[in-house]
Structures are given as C-alpha cells and as structure tokens.
1. Return yes when T104 is modelled with pLDDT under 95, among the β-branched types (V, I, T) and either within 22 Å of the chain's Cα centre (by Cα) or surrounded by 12 or more Cβ atoms within 10 Å (Cβ to Cβ) (or both) and no when it is not.
2. Kindly indicate which of A56, A64 is buried (at least 24 other Cβ atoms within 10 Å of the Cβ) and either farther than 22 Å from F190 by Cβ or not polar (S, T, N, Q) (or both).
3. List every residue pair whose Cβ atoms sit under 8 Å apart, with the two residues 6 or more apart in sequence or on different chains, where the first one lies in segment 83-106 and is more than 29 Å from M271 (Cα to Cα) and the second, anywhere, is in a loop (DSSP other than H, G, I, E, B) and open to solvent by 20 Å² or more (accessible area, probe 1.4 Å).
4. Here are L458, L400, L442: which of them is aliphatic (A, V, I, L, M) and closer than 29 Å to G138 by Cα?
5. Check T440 against each of (1) modelled with pLDDT of 95 or more; (2) open to solvent by 30 Å² or more (accessible area, probe 1.4 Å) and name the one condition it does not meet.
6. For F415, are the conditions met, namely being closer than 15 Å to N465 by Cβ and either open to solvent by 30 Å² or more (accessible area, probe 1.4 Å) or β-branched (V, I, T) (or both)?
7. Out of all the residues in segment 168-204, which are more than 16 Å from I142 (Cα to Cα), β-branched (V, I, T) and more than 24 Å from the chain's Cα centre (by Cα)?
8. Here's a check for you: in segment 67-93, which residue that is among the hydroxyl-bearing types (S, T, Y) and within 25 Å of N384 (Cβ to Cβ) is surrounded by the fewest Cβ atoms within 10 Å (Cβ to Cβ)?
Amino acid sequence: MKKEWKVAKKYNYLAILIIAVSFFAACEDDFSEVGSDLVNNNNFSALLYDSSSLDAYSVKITGAQTNNFNNLLLGVYNDPNYGMLTANVVSQLSLGTTGPDFGTNPEIDSVVISIPYFSTAIDIDGETTIYELDSVYGNEPINLSVHRNNYYIRSLDPDNDYEAQEYYTDQFSTFEQNYDAEPLLEVSNFTPSAEEIKTLEYNETASTDDEEVFDLNRSAPRFRFHLDVEDFQQLIFDQEGSSELISNANFQNYFRGLYFKSESINDAGNMSLLDFSQGNITIYYTDTYETTEVNENGNETEVTVVDREEFVLNFSENFNVFDSEYEQIPDQDNLYLKGGAGSMAVIDLFTDQNQLDSIRDLNWLVNEANLTFYVDNQVEDNENQPDRLFIYDINNNQVLSDYTSDISTIDNFPFRSREIHLGPLQTDDNGDRFYKIRVTGLVNNIINNDSTNTRLGLSVSTNVNNTQITSGKFGANAPEQLENIPQMQVITPEGTILHGTNPPASESSKRLKLNIFYTQPE
C-alpha cells in the first residue's frame, strides 16, 4: 500500500512581505544573546535575526523498501563524490489470463519486452515526434542482461504475522546469488534511446483474402527488446493445461520472475528511471486451424484459418536492489545528501530552549524565515548538482505548512513547482551555489503558537510534487523518530555536499543559518 505524507494544515496569510535590498544592509548585525540585544531594538519596524541555535548532521540510509514503487532505477551511476551505484531490478510476473487456451496449433512469432522511460515530446519532424528523455543519469554505455530469477517472491511475511512482505534495496547479494546464469536477454554497450517507437500492428478488419494490412503505431521511448521465442515456448506455451498456469499463485511459484542486471564498462555508465507499471512482456503468436465455411450456395468448403493472437505477462511485483560503493559518511562537518542507497540530513531548529522562550516572549510577527544551504565548493563535479531538495517533518511524517501553502505549485510541471518553499539550485553574485528553503509557516507556528519544535529531514529529489514515502533503514546516529523517507530520495541517484553549521573559517559566510525576518511590536 502506498504511503503519503500527511498534509499539514494550511495557514492563511494576509500578505507576503517583500523585503527591500536596503533593509538587509540596515539589519546585518548578529545577535549573540536573544534576551538582551533584541529587547533593545524595539524601535525597529523590521529586523533580521540569524543567531538561533540549530543542529544539522548527516544520516546514512542503509536500505529502503521499494516493492511499493511503480518507478524503478536501472543501470550504473558513478558519482565523483560518492562512488559507483548499481541499480538492479527484481520483477515478478503475472499472467494476463490464467488457465490460458492458446488454440489448436499455436506458433509464436515474437516475444517483446517493453517498459516506458520518462520522456517529454519537444518537437515534431514530419510525422515523427522528437522526444527528450527525463530522469536519465550519465551517458556512458553499460552491459545489461535479463535473467530468470530463482528466489521466491512472497506477498506475505510469515516472520511478521503474515503482514505484507517488504523487500529492501540492501538485499542485493540475495538476488545476485539466485538467478539463472543463462540470460533471457543480453544487451552489450547499452544506452537508453530517445527515439520514438514505431511498430506494425495487424488490422484484422482491413485484411482481404490476398492482402494483409498493418497499422503503423507510434509510442514514446521505451526499453523495448525482442526475447528468444524458444525460451517462452518452453516456459509458457509448453505448460498449457498444467497446474503451473492455472493461477497466478502457481505460476509465480513456478516462474519466479526476472532479474535485470546492470554492469559497468570502464567504471562509468548510465542509469534511467523506468515505469514498470506500464510495462509488460507480450507474446505474439498465430493459431492455425481448419474449419468449414458455407458459401452463398449452401455448399461447405474446408478452409484454413490463421488467427493472430497475443498473450501478455504483466510486471506485478517490482523492486530495486542496490550495490553501492558509498558505505559510510566521511564526517559530520558537512551535510552529505545522496540519493539511492545514500544519505540525508537531519536538522533540529531552536535547540536552546531558553533562547526559544526569550524569542516567544517578544511576540514577533514572522514575515519570512529561510534555511540557506550552500554547496561546498570543494566537491568534485560542482557544476553537476541536483536541481531540487525536499524537506519534511520527521516527527510527524508530514510535509510542512509552507509546502501546502506555496502558491507556486504547478501540478503538471514538477521541475518548476513549489519554488517559493523549495527553492531550486541558485548561484549568488560570487558564483557560489545554494538552495534556499522557506520555512516561514513552520517558524511562525513554533514561535507564536507554541507548537512543538519539529525535527526536519532534508533529501534530494527530482519531483517535489511527489510526497509518497517508504520505509527506510538507517545508520546508528539516526533519531528514533526517523522511520520513513521520501520515495524520490530513493529513485534520485544524484548527490551533493552542503556546508553545515560549522564550515571552515574561510567559508564562514556559508554557514547554515535560520534567517528570520520579523516585525517587532512597538
């Protein structure tokens, strides 16, 4: 069952105040003590405070449940800071029709595996649509193979009161040891193709006695290959009438699905996101038989009939297993955000209760509050950073009120959606790159409504509109409240390294701060 973040209550704002540049120059002083210095500034109508205590640290993600996902990664991604990540896919199949009857004399023409990529149509050239692939990382070829899986995929877990079985990304070695050595498909030097798929489909209604008419079908780019006919003759068609095909439970015990295996070439590669919910394996076959037809004169004639048929195997239970060179967080000076089998950041606001109480006594009107995260310029490949980050409430498994109240939401265009709350990667006048996360509603609620302080999780994302979550496994320093992570964290292989609360002295201006712009009552 899919989980989703509980949506925090929306807050109605009377206005969104835009702070002029001159205001920053007038209010650039740091306050070392909230209780004394702030009281002495009651004559100011607008102020900046950036000295609230906070803590931020990295947590290793050792595994994530992915058998509740529709979209999965496949391939090899080599991150210059985190090393190689290999994403393989385990996929259980289900029969399109149980107890199938393939006819009198069936003969398989072809077997095609087809799984859509994520793509965008960007142009039309004549009758051909030009596509651009989304969610593809790296462009170096890999070796790819598809094998028969020999590990039984259970739907219920007998070790957990027969609750739904969970499969995690850290089970790589389990499935690496349990597949047929002889592949059903081998593709050397594989890279995803953005080309439109063109196929011919037999149009039975347009056929004549001496001519067969085929329709040209066009579809968006997909992982599409022909599989060996003899393999599926033996695996499927030769089992007609047997107990193996009478139900999906029997079939899945007999044919335990597929294992998609990726291998790097020369320590490089590519990784793509595929939509397994829209994929399948289709067996195209003909059934030839003799029948009797009666002509207009009432005479019977023996004729040979050739029916064109297809039998579909659907992808029903699919999940990722990862092999990662990134095993432990290097240090806690920086914040290490890495998708896949990676890491995230945990942020605690207002860690000094006395300081928070002093702020609350001042009855501030919080106009805006931001967390600004600067990219460490020492990271390799600094130009190739994830465009978006995602922040959420760990304690309550929900998005922030700033998420739900963001007026820049674009449901059909997640790349540019919610940019007020979840600011995309930007570059300042000095050429330094940063992400600005607006948390105005959260901070206002903590200060003025005496809301319980919230522990935040920060992760990478490619679709900030996706709020679905999944169960995770974490390193020893993870807070006990941390049980779930965003699905997008798992299927976004990119990573970045951000400055935390204690950067080197030479980078002190890039220290993580909570900037609060407020109005002090007269």
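The values are calculated or read from the model by the stated rules, or taken from the named source; none is laboratory data. Only a predicted model underlies this, so the values are computations on that prediction, with no experimental measurement involved. Note: ideal-geometry Cβ built from the backbone for every residue, glycine included; neighbour counts use all protein chains shown. Each accessible area value is taken on the protein alone, full model and side chains, heavy atoms only, with ligands, DNA and RNA left out. Shrake-Rupley method; radii C 1.70, N 1.55, O 1.52, S 1.80 Å.
1. In short, yes.
2. None of the other options fit; the residue is A64.
3. T98/I246; T98/S247; G99/I246; G99/S247; P100/E240; D101/E240; F102/E240
4. Checking each option against the conditions leaves just L458.
5. (2)
6. So F415 fits the description; yes.
7. Scanning segment 168-204 gives I197, T199.
8. T86
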